[in-house]
Amino acid sequence: MQTVAAAWLVLQLSHNSAFALAIFGAVSYAPVLVFGLYAGTLVDRFPHRDVLLVTQVVSLVGAVIYAVLTATHTINLPVIFVLAAALGVNQALYFPARQATVLEMVGRGELSSAVALNSTAFNLARIIGPAVGGIVIAAFGVAACFWLNAASYLGVIAALLTIRRRPLTAGPPQTALELIVEGLRYVARTPALAGLFLLLFVAGTFGANFNLVLPLLTRVVLHANADTLGYLFAAQGLGALIGALTMTAAGRFLLDPRRIVLGGLLFAAMELAFLIVPSVTQAVVLLLVIGWSFAIYSIGTNTYVQVHSPDRMQGRMVSLYSVLFIGTTPIGNIWAGIVAHLFGPTVAVWLGGALTGVAGLVVLGYFLTRRD
């Protein structure tokens, strides 16, 4: 709900500026790019539950500030950008901590199903939240979404307190830089990880820009309101939910680097379909398939990374995943914002699909030519 509310608020204050929305996306995710690898070293050094608790308290405070400033009509674009950047630093720590906690709780034997179920819960929120968010904005205003988001963190914090605090096994003393270099060397020595990370960089930078593009597509191309935007986000989330359930049921079969890349190629092909400007119904159908295929690809990559990483590197490996998947969003948002401003939102979608498709074919060709 907060994702929809914040994007809608930026568009209202900027009079539908694609550039303002691009800046908002950039400052929201730039901290993940800048601090992501360092955050991974912190996750590897401290109990994961404690790190998660800190991030959720910070998120609660951020939502309250959003709500108060919006309700009192004292919020403006510079304040939104500062808040987004502060919460972005918090997210840089949250992403690797959350993922590393999954392995800690269930072990490697059930990791594939656990990651998929974790994604199922996440995507259920993506379905319900944006759809309800659009209705709440129309009925009660943007501030209501921020208040509801703030209240929800009380439940999250209570849930985290039920998890046992587990001590970490101390490794040899190393600086943060040494830990980062060690993790990068491990990826370089593991060709399957290197190929998947390369495709993740391209897909995360150029292909996955829907938080920026969908609000523009809704207002500029479809000439629709916030409730339609909620339905579009919900369609993508529903597809991702089905993809997560697919990974839960068939994760062992799909957990192969070549099959994971095929999911990325299907995602790219569906984005290329935006070469023809869709109607609302067509956009919903495309977003369903896009959500499904991208879930297969992203969950498969995430699970493969965790399964093939040593326990003491979990934080760093997942933080690298977060940097390439989420931290590159500022670059992608600026790129998509410029393309959308010059040529329209649909061009930003299909061009991102084209770049992702080229990278996917290169990585798939590399995997197919390897003997192992």
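The values are calculated or read from the model by the stated rules, or taken from the named source; none is laboratory data. Note that the structure is predicted; figures quoted are calculated from it, not measured. Note: ideal-geometry Cβ built from the backbone for every residue, glycine included; neighbour counts use all protein chains shown. What goes into the accessible areas is simple: the full protein's heavy atoms, side chains included, and nothing from ligands, DNA or RNA. Shrake-Rupley method; radii C 1.70, N 1.55, O 1.52, S 1.80 Å.
How large is the charge dipole for the chain, taken about the Cα centre, if only the Cβ atoms of Lys, Arg (+1) and Asp, Glu (-1) carry charge, to the nearest 20 debye? Kindly include the intermediate steps, with their values, before the conclusion.
Details: 18 positive and 11 negative charges, 117 e Å.
I would put it at about 560 debye.
Take residue 190 and residue 361, extend 7 Å from each Cα along the Cα→Cβ direction, and tell me the distance between the two endpoints in nm.
2.9
For the stretch 1-71, which whole-number percentage of the solvent-accessible area (1.4 Å probe, protein heavy atoms only) is attributable to carbon and sulfur atoms? Show your work: numbers first, answer last.
Values: 1980 of 2680 Å².
Reported share for carbon and sulfur atoms: 74 percent.
Would you kindly derive the ³J(HN,Hα) couplings of the stretch 227-234 from the backbone phi angles with the Karplus curve 6.51 cos²θ - 1.76 cosθ + 1.60 (θ = phi - 60°), listing them in order in whole Hz, with x for Gly and Pro?
Couplings: 5, 5, 4, x, 5, 5, 4, 5 Hz.
Whole-Hz ³J(HN,Hα) for each residue in the stretch 20-37, computed from phi via Karplus 6.51 cos²θ - 1.76 cosθ + 1.60 with θ = phi - 60°, x for glycine and proline: what do you get?
Ordered by residue, 3J(HN,Hα) equals 5, 5, 5, 5, 4, x, 5, 6, 6, 10, 4, x, 5, 5, 7, 10, x, 5 Hz.
Calculate the FRET efficiency for residue 122 and residue 181 from the Cβ-Cβ distance with a Förster distance of 35 Å, rounded to the nearest 0.05.
Values: r = 31 Å, r/R0 = 0.89.
With R0 = 35 Å, the Cβ-Cβ based efficiency is 0.65.
What number comes out for accessible area per residue over the stretch 203-352 if the probe is 1.4 Å? Units Å², please. Mind dumping the intermediate values first?
Working: 5200 Å² over 150 residues.
Accessible area per residue: 35 Å².
If you roll a 1.4 Å probe over the stretch 306-372 with all protein chains in place, what percent of the accessible area is carbon or sulfur?
Numbers: 2020 of 2860 Å².
On the stretch 306-372, the fraction of accessible area on carbon and sulfur atoms equals 71 percent.
Quickly estimate the mean residue ellipticity at 222 nm for the chain, helices only: each DSSP H run with n ≥ 4 gives -39500 (n - 2.57), and the total goes over all residues, rounded to 500. Before the final figure, lay out the partial values.
Details: 15 runs with 298 residues, N = 372.
Per the formula, -27500 deg cm²/dmol.
Give the separation of the Cα centroids, the stretch 199-275 to the stretch 325-372, in Å.
Taking the Cα centre of the stretch 325-372 as reference, the centre of the stretch 199-275 is 12 Å away.
In terms of the Cα gyration tensor, with a ≥ b ≥ c the square roots of its eigenvalues, is the stretch 1-129 rounded because a/c is under 1.5, prolate because a/b exceeds b/c, or oblate? Write out the running numbers ahead of the final one.
Details: a/c = 2.23, a/b = 1.83, b/c = 1.22.
Since a/c reaches 1.5 and a/b is larger than b/c, the shape of the stretch 1-129 is classed as prolate.
Kindly write out, for the stretch 89-98 in residue order, the coupling ³J(HN,Hα) from the Karplus curve 6.51 cos²θ - 1.76 cosθ + 1.60 (θ = phi - 60°), rounded to whole Hz, with x marking Gly and Pro.
Coupling constants for the stretch 89-98: 4, 4, 5, 4, 7, 5, 4, x, 5, 5 Hz.
Quick one: pull the percent of accessible area on the stretch 199-258 belonging to carbon and sulfur, 1.4 Å probe, ligands and nucleic acids left out. Before the final figure, lay out each step's value.
On the way: 1290 of 2110 Å².
Carbon and sulfur atoms account for 61 percent of the accessible area of the stretch 199-258.
7 Å from Cα along Cα→Cβ at both residue 108 and residue 74: what's the point-to-point distance in nm?
5.4
What's the FRET efficiency of residue 157 with residue 370 using the Cβ-Cβ distance as r and R₀ = 51 Å, to the nearest 0.05?
Working from the Cβ atoms, E equals 0.65.
Ranked highest first by average number of other Cβ atoms within 10 Å, how do 255-268, 97-110 line up?
Values: 255-268: 21.6, 97-110: 17.7.
Most protected by this proxy first, the peptides run 255-268, 97-110.
If contacts are Cα pairs under 8 angstrom and at least 6 residues apart, what is the relative contact order of the chain in percent? Walk me through the numbers on the way to the answer.
Details: 607 pairs, mean separation 113.9, N = 372.
Rounded, it is 31 percent for the chain.
Any idea how far the Cα center of the stretch 92-164 sits from the one of the stretch 299-316, in Å?
Distance between centres, Cα-based: 20 Å.
Can you tell me which of 137, 163, 128 moves the most in a GNM of the chain? Springs connect C-alpha atoms under 10 Å apart.
Among 137, 163, 128, the largest GNM mean-square fluctuation belongs to 163.
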